[in-house]
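Participant: Mind looking over this structure? Questions follow.
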Amino acid sequence: MDPTAKYISQKISRTRWRPVPAGLLQQPEVFAAGSWDNESNRVSIWSLGDDDSDTDGEFDEEPRLLCDSEHDGDVTDLQFLDGDRLVSASSSGAVAILKLQPDCQALSLAHVWERAHRYSCDNAPCTAVVCRSPELVSVGEDGRVILYKADQTEVVRVIENADSSTIHAVTFLRTTEVLTVNSIGQLKMWDFRQQSDSPAQILSLTGDRVPLHCVDKHPNQQHIVATGGQDGMLCIWDVRQGNTPFSLIEAHSAEMWEVHFHPSNPNHLFTCSEDGSLLHWETTSGSDMSTLLQRGWNSRVVSHSGVPLAGEDDSVVSSWLAGDSSKNRLEATHMLPSQTLSVNSLDVLEQCLVCGTDGEAVYVHRQLPNFSI
Amino acid sequence: MEEVDVEPSPMLIPSAGFHQRHLGFEWGPGDLLVYETNYKLQGPRSAGSPLVHVVRKDEDICSPILRKLFNESHLIFVGLQKIKEDVVEVHSVEVSILLAIELIWNLCEVLFIDAAPAGSLLLHLLDWVRLHKSDVDARAREVLQSESPAQHQSYWDVISLVLQGRMDEARQVLSKQASLRAESSSVFKRMDVLLQTMPIFNPTGTQTLTEFDVKWRHWHEECDRCLQDNTFASNRHLETIVKILVGDEDTILEQKELLSTWYHFLVTRLLFTHPTIKPPDLHYYAQSSMNMFLGPRAPPEPLDIILLSAFEFDLHQVIKDCSIALNNWWFVAHLTDLLDHCKLLQSHNLHFGSNLREFLVLEYASGLFTHHSLWQLAVDYFDHCPEFGRVYLELQIERIPLDTERKAIKVLRICEDRQMSEQVRSICKIMAKRALRNNRLGSALSWSIRAKDAAFATLISERFLQDYCNKGSFTDLDLLDNLGPAMLLSDRLTFLGKYREFHRLYGENRFSEAAKLLLSLMTAKIAPRGLWMTLLTDALPLLEQKEVKTRTTHALHSHFTVVKKLVETMYICLQNFKHLSCTIAV
């Protein structure tokens, strides 16, 4: 089924689903979109409308605009803190919390940390922000890593000069640990419990220092991360294990902007790129999907060294880390009908996928094909 | 110098040109800079206003509705370039504004692209009129759905159905009247028969045009007979209808309000007088219809002129008139591109050397490029202009303001995909310099690596070494320790990486390795002269260390060899140094 496209007269830098309340088996209906490269940029909230049973499963409705708010500078990143608060990162270096009124009638600025990222005599764009309520972490072109608490006006901690190059993305690993990726191809792990301003661990690919643009953590296994970079390569890493990623996949022909594991079904991975494609990756082990689910993650996996890692529960090994490629296949499907301009962002929740492009179009898939939960 | 087509309209620039000052100007890519000069016709010379005015055209490019249009048509444009067959499917572009454009576009489709011959031509024109006068349906439905249709006040607007040649629907409406009055039912039946028997040309059928013509004339005579017999004299409305069927131009003209446009009048007139119209004869009727409808004194609107040129099958005139009348190059660029693909445009050499299609597409794309956001669309358009597209792109792409790294990355990707290496180097240099200024040495290095700019990498290394000399320690260790193969980009960078490695080895007490490394650095001659003294100073503690750290005789032996070599090299270096200082002293 083809996704619905909607032209919204602004280039989209980020799209994010509003989280659905836990426990309810609902499909997400509301998403936020941020624009860039406009003289006046906006953060806007869109709704997919009701999906009544009497529409016979026809989801032809275009998203409609609920409310929006002006944003100073490009929207470089957007994350939902919770059901009605949204964090935005700006190219002016500011990080802001926006509050969504009930019934999505209006979007207002709750708090802003101006010039959180800066140079001594200039603005430095904030490149990414990640939240785990109530904590937020932002990173920027100035190489700083900043920790905030949503309800505090002052920042909690700043790691000055965390990186000599631009930090492009950040993700939480454990409660006090974050992982950042930078433009000289390094992954750095930071532990906020430590007083020193140096990273706990640095990982990088041997070989060319290709900038990394995005990172995402496996939802169930905190040591597995996926990264994407300038050359469009998708790498799956085990952060406990040294310097080589487990898998290196030639995913795209240009920069990969976002990579996401599906939050509830991590066998599925989504990537989007400057080359205008959005790919859905599915890892299938040799056995049937249903038997896999029955046994849990007990698929037979050969780890890189052939020896199970110390302290490892044999049964809990992800199929992403399989070194034996004949047992595990990786299938990729294009999600967009034709080659568009760069797909800058994607978000996936339950059975719904939303993405935004430089062609000023938002695409929504309400029922991901070949997808079973 | 060519003649001017239209009188240019003057534009007032506020607060400029007072006191008879002359204005100077300079063209930009999409704007005009205007300033006051010092020159005055009369009176003493004095300093003028210090303001520079930016005059911009093409305001509709900023409208959000038009942005949707530009983005959607961009997709279609790119798709069209990929189609290689001779017969091109006409894509209909959805336009929510500028109905005139849609009208012109549809007419061009009918006349130029479908190129209907006699017989079908009228049918297509009827469709075209019906498409653009759709309120007829709404009114007819309103009448039919009302309680007593025959009493409805707009009942007799059924004539507009007849004017559009929709006989079946007209009959349906008329039947409501017929059932009402028994005494006049025979009259209505007669009309019904006339309407039903009107011949319609079937282009896919076996009937030839001549056969159709004969049939039509029979029917026409039948209508005329009814008129002469005063069959419908009892009902003036039916009388009007039969006059229309006969093709009485005055009666048709009386329905001006229902027709509302001269081209509707044209098509109706042709329907009832000349249904087998051939394309070359179209323009006679077009001109006369326009004159009859609009009257002698009304000046034709730009839209009317464009439509008339279309009816005259003068493509170039259509394009020219559209270029003048419409504010933006969007329409003409896409129309011309489409016509060019249908091979309908003869090559028309312009003074600039490229053909008409390329010229218009270039103009449109250049206009897009001046927009802060739509420049990405323009790239694809330039790609499909074989003669000048690349040059235009090369000139324009360097002028995009780069506020964030992400935007720079996108621009670079565009350049790299098209092997524009000069532009890549120049953009990377701008970003690297900016990073350096903000003390982001890692970023600067990453830009130099992307551009493979050895000279800049050398510059960055010098900066590092300078910092080291000033502070006594290295900054940004995370970068230096992890240079990898990028180290080989420039000699200075290699030296820097290795030198840092030497310090690291020393810090980890791996003295023999450190010593070997230092030796290789000195002998490989990649060390800059200015640092030789520093290197020698670094070597000194190594010579002292060996006695403390060596454990095995083997290591001792190798250590001695290394140290011996060190001493020898030191001697050579010192000699050179002495020689240098001697020459300087002299």
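Participant: Can you give me the % of accessible surface on the range B:221-304 that is carbon or sulfur? Probe 1.4 Å, all protein chains present, nothing else counted.
Facilitator: On the way: 1960 of 4050 Å².
In the range B:221-304, the share of accessible area belonging to carbon and sulfur is 48 percent.
Participant: Label residue B:473 and residue B:294 with points 7 Å out from Cα along Cα→Cβ: what is the distance between them in nm?
Facilitator: Those two pseudo-labels are separated by 8.5 nm.
Participant: Cross-link list B:407/B:471; A:11/A:149; A:11/B:433: which exceed 32 angstrom alpha carbon to alpha carbon? Show your work: numbers first, answer last.
Facilitator: On the way: B:407/B:471 35 Å; A:11/A:149 30 Å; A:11/B:433 28 Å.
Checking Cα-Cα distances, B:407/B:471 exceed 32 Å.
Participant: In nm, to one decimal, how far is the residue B:132 label point from the residue B:193 one, both placed 7 Å along Cα→Cβ?
Facilitator: Output for this residue pair reads 3.9 nm.
Participant: Excluding residue B:110 itself, what net charge comes from residues whose Cβ is under 13 Å from its Cβ, given Lys and Arg +1 and Asp and Glu -1?
Facilitator: Numbers: positive: B:130; negative: B:102, B:109, B:114, B:127.
Local net charge: -3.
Participant: Read phi for every residue in the range A:160-175 and hand back ³J(HN,Hα) as whole Hz from Karplus 6.51 cos²θ - 1.76 cosθ + 1.60, θ = phi - 60°, with x for Gly and Pro.
Facilitator: 6, 6, 4, 8, 8, 10, 6, 8, 8, 8, 8, 8, 7, 9, 10, 4
Participant: Answer with one residue from B:290, B:241, B:195: the one whose Cα lies farthest towards the positive end of the charge dipole of the range B:180-306, charges on Cβ with Lys, Arg +1 and Asp, Glu -1.
Facilitator: Positive-most Cα among the choices belongs to B:195.
Participant: Compute the signed sum of charges (Lys and Arg +1, Asp and Glu -1) over the other residues within less than 11 Å, Cβ to Cβ, of residue B:394. All intermediate terms of the calculation are to be shown ahead of the outcome.
Facilitator: Values: positive: B:390, B:399, B:418; negative: B:398, B:422.
Result for the neighbourhood of residue B:394: +1.
Participant: Another question, then. For the pair residue A:244/residue B:114, report the inter-label distance in nm, with labels modelled 7 Å from Cα in the Cβ direction.
Facilitator: The answer from the label model is 6.6 nm.
Participant: Enumerate the amide H contacts of residue B:482 below 5 Å, restricted to partners 5 or more residues apart or on another chain; note that Pro and chain-start residues carry no placed amide H.
Facilitator: none
Participant: Quick one: net charge around residue B:336, please, counting Lys, Arg +1 and Asp, Glu -1 for every other residue with C-beta under 12 Å from its C-beta.
Facilitator: Numbers: positive: B:320, B:357; negative: B:337, B:340, B:358, B:363.
Residues near residue B:336 contribute -2 overall.
Participant: Estimate for me the total accessible surface buried between chains A and B (protein heavy atoms, probe 1.4 Å, no ligands or nucleic acids), in Å² to the nearest 100.
Facilitator: Details: alone 16400 and 33140 Å², together 45900 Å².
Interface between A and B: roughly 3600 Å².
Participant: Step through the residues of the range B:265-280 one at a time and calculate ³J(HN,Hα) from phi using the Karplus curve (6.51 cos²θ - 1.76 cosθ + 1.60, θ = phi - 60°), rounding each to whole Hz and writing x for Gly and Pro.
Facilitator: Running phi through 6.51 cos²θ - 1.76 cosθ + 1.60 with θ = phi - 60° gives 4, 4, 5, 4, 4, 5, 4, 9, 10, 8, x, 9, 4, 9, x, x Hz.
The values are calculated or read from the model by the stated rules, or taken from the named source; none is laboratory data. Given the structure is predicted, the values throughout are model-derived calculations rather than measurements. Every residue, glycine as well, gets a Cβ built from its backbone with ideal geometry; the counts of neighbours run over all protein chains shown. Remember, those area values only see protein heavy atoms, side chains included, never the ligands or the DNA or RNA. Shrake-Rupley method; radii C 1.70, N 1.55, O 1.52, S 1.80 Å.
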